[in-house]
Amino acid sequence: MSPATPTAPAERTLRTATTNGRAERPIIAMRHISKIYATGEAEVHAVRDVSLTIERGDFVAIMGASGSGKSTMMNIVGCLDIPTQGWYWLDGVDVRLLDEEALAEVRSRKIGFVFQAYNLIPRTTALANVELPLAYAGVRRQERRQRAIEAIEAVGLSERMSHLPSEMSGGQQQRVAVARAIVTNPAMILADEPTGNLDTSAAEDVMRIFSRLNADGRTVVLITHEADIAAFAKRVIRLRDGQIVEDYRASAVTDLPPRLGVERTIRTVGSTG
Amino acid sequence: MTWRDNLRIAIAGATSNKLRSMLTILGVLIGVGAVIILVAVGTGSSAQVQANIDRLGTNTLTVFSTGRFGGRSTTGTQSSFATMTVGDVQQIERQPYVQSVSPVSSTSVTAAYNGASDSSATVTGSTPSYLSASSYSLEAGSSFTSSQVTNRERVAVIGQTVVSDLFGTSNPIGRTIQLGSASFEVVGVLATKGSTGIQDQDNVVIAPYTAVQDELTGESSSFSELLIQGKSSSTLNTVESEVETILAAANNTTVANLPFSVLNEASLLSTAESTSSTFTVLLAAVAGISLLVGGIGVMNIMLVTVTERTREIGIRKAIGARKSVILAQFLYEAVFLSLIGGLAGVAIGVVGSQFRIDGVQPVIAPYSIVLALGVSIAVGVFFGFYPANRAASLRPIDALRYE
Ligand SMILES: Nc1ncnc2c1ncn2[C@@H]1O[C@H](COP(=O)(O)OP(=O)(O)OP(=O)(O)O)[C@@H](O)[C@H]1O
Ligand SMILES: [Mg+2]
């Protein structure tokens, strides 16, 4: 089923005012997105007519019951899957016009993925796993190594660099996955239940890393079941039966993430106040 | 992504299941090794045939008498056999494709010199052209000349066996040897030629036919055998039919009833040669099939690998791998397996070809190594392409969902 002929919405729908008044392109602009899975006889409407705009620098948690369409949404946002209907601009680019190769390029340059199941390449060291996105992006060996080491240091795993995934705990593997997601310096991090397999303290480690990344200006979109995890985000979107039923903003896009870390928050508050 | 990155990933992939990769490599190894060894055996047996051809001398016809003939009477002891005359020889010599005609009168005698003797030397009486027609070459001295034939001079050229039997290490040139009761002066020594298997071609004495007929056989200007050298092997069949026509006319008979037999060495040998090249082709085909089977093994394993690593492919695509990169990764892996198999196969093939196989010393054909290696790479590309393309065409979302 091909999407309806694009009749581009008015330009202003793609631009929102930032605090300083300058018009800036949202990183994600979705209009009337639907995804229908045709399984045998029955059709499953996983996402129904969703319109969503996400600003650059936002930290968004998507919540909802199992089967409510969160992963389907995320896969569309991450250009891993194609919507059945609707328009989607990623950083101003109309994704429907891109072919396979171009989509791979977009994924490589703009998006970092973190999955619930870690999804590290087996039998490949942490460092090599983190280097991989750079290799696919065509970065030269020397620079690749340097940047991968920096990314691993950023998630606090310097001493596990040459370990294989099978030699690491779930929390450590997930931190490697985060390092791999940020190594290409993407504008946006997408995480589908990144803490789903982790215990509370490992989950908090990962969430603190996300908060720091967001504080550095990266857009973070994550899926979670847990309110504790959603509390790290600036904005919480709730899905039910493929539709947005709640869109709650906890803090402004331009603010620091709500739970960046107590000391740091105090210091920041002190310095701004 | 450079070729080195691809190679590293391919090697990591191939070594992740060592036993399986080894078995796949073994399939290619056996195929390539078989191609090299069997082609070497084929080439070796061709080389043996070729060596025989070279030794016997090509483009010659041997005409010999096969039976009694009542039409034309001849004198001497062999009157009951059909023979050829000097006139026949001259007529055959005038044919356009004929290089030379050498009449042959031969017998076996005891050769002796100074007390030493060689009891079974073959004495061949002929003309000087006999030497080149039979591929003899001189090692020392010279051949007898045409005028010596005309003058019925008793001179001789002797083979290496005769030299060693009669003279040991001393120089035989200018010495006089006894052939039966006659004395012949040695004017030349032949280079060694080896054995045909039944006959020692070095145990020979070659002398003017006139002298041999005078002293040993008693024939007079009639021959039971001719050695005809054609100008080229391609026209030898023409010469053969001309000779038959001439002899039939000279004897007032038909070609079908000719009391002479014409032995065409070229056709005999070319039959042997084509038999051995058919043999080589057959061996190569068998080996080629085993290489094909090895290639199917590569494809089979690559399909399993792609299925096993579906999820990994999804991850790679999610983190930015393009279709072409995934294609390259699996192609490299397939080619890596088949190339390792190919190189090991070349090693096994080269080692295996050092041994005599069923009486044949294999001769490694360089083309077979290049071919086998090339084919093994091609096999990797060809049989790796389908699985690799299958991997590359997976949609990332489907690959990621794969359990
Ligand atoms: N490949 C598919 N084929 C058919 N139906 C699918 C497919 N993927 C998802 N669905 C259906 O679409 C709906 C939404 O699925 P989705 O995976 O987006 O849910 P979710 O919100 O991520 O759930 P969970 O919290 O359990 O991960 C479900 O009803 C699911 O059965
Ligand atoms: Mg899900």
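Structure above, values below:
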item: Residue satisfying all of: in the stretch B:156-175; in contact (Cβ under 8 Å) with a residue 40 or more places away in the chain and among the β-branched types (Val, Ile, Thr); farthest from residue B:146 (Cα to Cα) among these; result: B:161
item: Residue in the stretch A:180-198 that is farthest from ligand 2 (Cβ to nearest atom), counting only those that are open to solvent by 10 Å² or more (accessible area, probe 1.4 Å), closer than 17 Å to residue A:57 by Cβ and part of a loop (DSSP other than H, G, I, E, B); result: A:185
item: Residue match in the stretch A:164-175 (condition: on the phi < 0 side of the Ramachandran plot, open to solvent by less than 50 Å² (accessible area, probe 1.4 Å) and in contact (Cβ under 8 Å) with a residue 60 or more places away in the chain); result: yes
item: Residues being within 15 Å of residue A:73 (Cβ to Cβ) and either acidic (Asp, Glu) or modelled with pLDDT under 95 (or both) - total across the stretch A:226-241; result: 1
item: Odd one out for residue A:71, checked against (1) away from chain B (no Cβ under 14 Å); (2) farther than 22 Å from residue A:185 by Cβ; result: (1)
item: Yes/no for residue B:308 being buried (at least 24 other Cβ atoms within 10 Å of the Cβ) and within 14 Å of another protein chain (Cβ to nearest Cβ); result: no
item: Residue in the stretch A:204-222 that is within 14 Å of ligand 2 (Cβ to nearest atom) and either part of a loop (DSSP other than H, G, I, E, B) or under 16 Å from residue A:255 (Cβ atoms) (or both) present; result: no
item: Test: residue B:303 is closer than 30 Å to residue B:14 by Cα, surrounded by fewer than 22 Cβ atoms within 10 Å (Cβ to Cβ) and within 14 Å of chain A (Cβ to nearest Cβ); result: no
item: Selected residue (criterion: most open to solvent (accessible area, probe 1.4 Å)) from residues of the stretch B:99-127 that are among the β-branched types (Val, Ile, Thr) and in a strand (DSSP E or B); result: B:110
item: Where a residue in the stretch B:317-331 is facing chain A (nearest Cβ under 7 Å) and its partner, wherever it lies, is assigned to a loop (DSSP other than H, G, I, E, B), with Cβ under 7 Å and at least six apart; result: B:318/A:80; B:320/A:137; B:325/B:1
item: Some residue of the stretch A:88-102 being in a loop (DSSP other than H, G, I, E, B), within 15 Å of ligand 1 (Cβ to nearest atom) and of a type in the set (Gly, Ala, Ser); result: no
item: In the stretch B:270-284, the residues that are open to solvent by 50 Å² or more (accessible area, probe 1.4 Å) and not acidic (Asp, Glu); result: B:270, B:271, B:274, B:275, B:277, B:278, B:279, B:281, B:282
item: Residue match in the stretch A:118-133 (condition: touching an Asp or Glu at 6+ places or on another chain (Cβ under 6 Å) and within 16 Å of ligand 2 (Cβ to nearest atom)); result: no
item: Pairs where the first residue, in the stretch A:28-41, is within 14 Å of chain B (Cβ to nearest Cβ) and open to solvent by 10 Å² or more (accessible area, probe 1.4 Å) and the second is assigned to a strand (DSSP E or B) and within 16 Å of ligand 2 (Cβ to nearest atom), C-beta under 6 Å, 6+ apart; result: A:35/A:46; A:35/A:47; A:37/A:44; A:37/A:46
item: All positions within the stretch A:117-129 that are within 10 Å of chain B (Cβ to nearest Cβ) and either surrounded by fewer than 16 Cβ atoms within 10 Å (Cβ to Cβ) or β-branched (Val, Ile, Thr) (or both); result: A:121, A:122, A:123, A:124
item: Qualifying residue in the stretch A:52-70 (condition: in contact (Cβ under 8 Å) with a residue 24 or more places away in the chain, within 16 Å of ligand 1 (Cβ to nearest atom), out of contact with any Phe, Trp or Tyr (no Cβ under 9 Å at 6 or more places or on another chain) and assigned to a helix (DSSP H, G or I)); result: yes
item: Subset of the stretch B:314-328 (residues that are open to solvent by less than 30 Å² (accessible area, probe 1.4 Å) and more than 19 Å from residue A:184 (Cβ to Cβ)); result: B:328
item: Selected residue [surrounded by fewer than 17 Cβ atoms within 10 Å (Cβ to Cβ), within 16 Å of ligand 2 (Cβ to nearest atom) and among the polar types (S, T, N, Q)] from A:71, A:66, A:158; result: A:66
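The values are calculated or read from the model by the stated rules, or taken from the named source; none is laboratory data. Since we're looking at a predicted model, the values are computed, not measured. As a convention, Cβ positions derive from the backbone with ideal geometry for all residues, glycine included, and neighbour counts pool all protein chains shown. Just so you know, the surface numbers come from the protein's heavy atoms only, side chains and all, with ligands and any DNA or RNA stripped out. Shrake-Rupley method; radii C 1.70, N 1.55, O 1.52, S 1.80 Å.
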